[in-house]
Amino acid sequence: SVPAFDYAYGQIFTIGGEDLHGFLMSVGQEYVHVANIGIIRQVLETLYGETIATGYYNFVMNNWRWTSTQGVATRAWNFSSSASNFNKSGSYVVLPVYAC
């Protein structure tokens, strides 16, 4: 059992009658995510307003979250505004994403 993976997988997004299970981005996917955070923020602001856009931006840039990339047996890559390799025993947030 891997709590971060289990939590992400347990988050279900239904679109077009299909249930999608969440997963964790790899450290490489997180690099792309953060590199495009300004554009993502603009899209969210257009769709949902400034409060939602700013909240998401602040969450992404200020919270360490797990990735699916393992460093060594006891360490995994985490991402906030940059990448770092932390002990798996640490407590970080999970940001489930969905393939659609």
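Any read-out appearing in this document is the output of simple, stated calculations on the displayed coordinates, not a laboratory observation. Computed from a predicted structure; not experimentally measured. Neighbour counts are summed over all protein chains in view; Cβ atoms, including those assigned to glycine, are modelled from backbone coordinates with ideal geometry.
Ordering of 38-47, 9-18, 71-80 by packing is 71-80, 38-47, 9-18, highest average first (other Cβ atoms within 10 Å, averaged per residue). Averaging over all projection directions, the Cα-based convex hull of region 1-50 occupies 5.0 nm² in the image plane. Charging the Cβ of each Asp and Glu at -1 and of each Lys and Arg at +1, and nothing else, the dipole of region 1-82 about its Cα centre rounds to 300 debye.
Taking the helices alone, the chain has a mean residue ellipticity at 222 nm of -12500 deg cm²/dmol, built from -39,500 (n - 2.57) per DSSP H run of at least 4 residues and averaged over all its residues. Which one, (i) 39, 28, 22; (ii) 43, 26, 19; (iii) 42, 33, 20, gives Cα extents along the principal axes in Å as derived from the coordinates shown? Checked against the structure: label (iii).
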